[in-house]
Amino acid sequence: MIHPGHSLPPAHPSASLPRPRQRPQKHLGQTLLGVLLTGALVVSTLLGGPGPLPAPAVLALNDAQQLVVEAWRLVNQSYWDPDQLEQVHWRRLRQEALEKSINSSTDAYEAIEAMLAPLGDSYTRLLRPSDYGALRATTQGTVNGVGLQLGLRAFDQHVVVIAPLDDSPASEAHIQPGTEVLAIDGTSSLELGLEGSAARLRGNAGTDVVVRLATAKGSQKEVVLERRQVDLQPVRGQVLNRPGHRLGYLRITQFSEPVPELANLWLRRFAGQGEGSWVDSGPVDGVILDLRNNSGGLVSAGVAVANSLLDSKGIVETQDRGGINAQQSANAGALYSGPLLTLINGGSASASEILAGALQDSGRSSLVGSRSFGKGLIQSLLSLGDGSGLAVSVARYRTPLGREIQSMGLTPDHPLPQPEPLTPAGNNDTWLEEAQRLLIEQMGPGSGAN
């Protein structure tokens, strides 16, 4: 998950988890995009071992070496688990990196990646300039590629599909969450890594990419996908007319910058506070919130939506690098306070798990569908100043009641039958049909429209 932070120690989707109408928090910053522009390096302090290094060693550092030192400093200052830094001998890793020949950006990037590897945290990683720019772009609403959101499988760190984006080449090819990406254009995903795999999938519109996949059952296949500009369209809403009932349907596919405003527009309409015909038709009888295949994004956006649905209830508990647990709660009052039901699946991760977990813990909404992905670490995106950056895990989050999410996921109150529909909100979406039935059942007799 990502969050925007401008200074450290805060960092990302949990750091200071900004949210609307809320006082500032003493916690980590929060963005997949938090950009930190650093000033001059106090190299003698950063490079010191038992004591300060002599001036000549400081002056000998070239630009590429200083990039490595800066990366080390940012992780040292913001990583959520200082004990882990001690266990991997973080100071020694810095010294070992600087003992190598580092004379170019490529040398620096390789040294930084080698330095980060012992942490064993796949979410804390170097983002080379093209990857850093692309990641920033996804939080603003567009992406150029095939529409696959990728993650690392917990037990073996293999690259897997978290979810395909709606109306993308990947969704049209019916690629399912949990599918393993074996190779891209003939290069193994194990060799490419997470960021390298994502970079290979991006490219100029109209070009093809060949992806070898392995399903959960072990069968393999190759698909040829044509890249194009994919409009994320992160928020979609409509009214579903059932006999005697009008139900609101709100689907959020990613938590990017425009999401809170777009979601609030629909929630006001569902509450009967919209404009024109929305006012005349009155509020809906209940709302279905669809978070299927929502792999996260900006934590601040997920927290903002929770703030619009909860009334003075807890949203998320975060644990920072000091081991301090802090809970963020919604403000008094809710934009929409009527009946609510939430759909999740294995593609629901990070910020969507924060939102779904808050709704479930508070009793505000039951969860229906299948177990969520299980990503409970928050990253901040930090600039290294040369066009590259770092994604650094800056906090661990749990549900308001303290339930662990990392590698666990959220268990739905009402599991729905497998296989799940290929296209959420599309034709033959049996899960959406069942969610409507459950919501109407939850509301009880006499709850329908007049």
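Read-outs throughout are calculated quantities, based only on the coordinates presented, and are distinct from any laboratory measurement. Keep in mind the model is a prediction, meaning the values are calculated, not measured. All Cβ positions, even for glycine, are placed from backbone atoms using ideal geometry, and neighbour counts span all protein chains on display.
Over all other residues within a Cβ to Cβ distance under 14 Å of ARG437, the charged ones net out to -4, with Lys and Arg as +1 and Asp and Glu as -1.
DSSP loop (so not H, G, I, E, B), at most 10 other Cβ within 10 Å: list which GluC sites (Glu not before Pro) in segment 57-114 pass both filters. Those that pass, being in a loop and sparsely packed, are GLU99.
Using the Cβ-Cβ distance between LEU422 and GLN327 with R0 set to 41 Å, the FRET efficiency works out to roughly 0.60.
Full extension from LYS221 to ALA117: what is 0.36 nm times the residue separation minus their Cα-Cα distance, to one decimal in nm? Write down the numbers at each step before the final one.
Values: separation 104, 0.36 × 104 = 37.44 nm, distance 3.07 nm.
Between LYS221 and ALA117, full extension yields 34.4 nm more.
With both labels modelled 7 Å from their Cα along Cα-to-Cβ, the ARG242 to ARG437 distance reads 1.0 nm.
Using the Cβ-Cβ distance between ASP63 and THR207 with R0 set to 35 Å, the FRET efficiency works out to roughly 0.55.
Post the alpha-carbon centroid distance, segment 187-247 to segment 298-375, in whole angstrom. Centre-to-centre (Cα) distance: 25 Å. At full extension, ARG403 and ASN76 could sit 115.0 nm farther apart than now, given 0.36 nm per residue minus the alpha carbon distance.
Site pair ASP83 and GLN233 shows an inter-label distance of 4.7 nm when each label is modelled 7 Å from Cα along Cα→Cβ. For segment 190-197, 3J(HN,Hα) computed residue by residue from phi via the Karplus equation (6.51, -1.76, 1.60; θ = phi - 60°) reads 5, 6, 6, x, 5, 5, x, 5 Hz, glycine and proline entered as x. Over the Cα atoms of segment 142-231, each weighted equally, I'd like the Debye log10 I(q)/I(0) at q = 0.24 Å⁻¹, rounded to two decimals. Result of the Debye calculation: -1.29.
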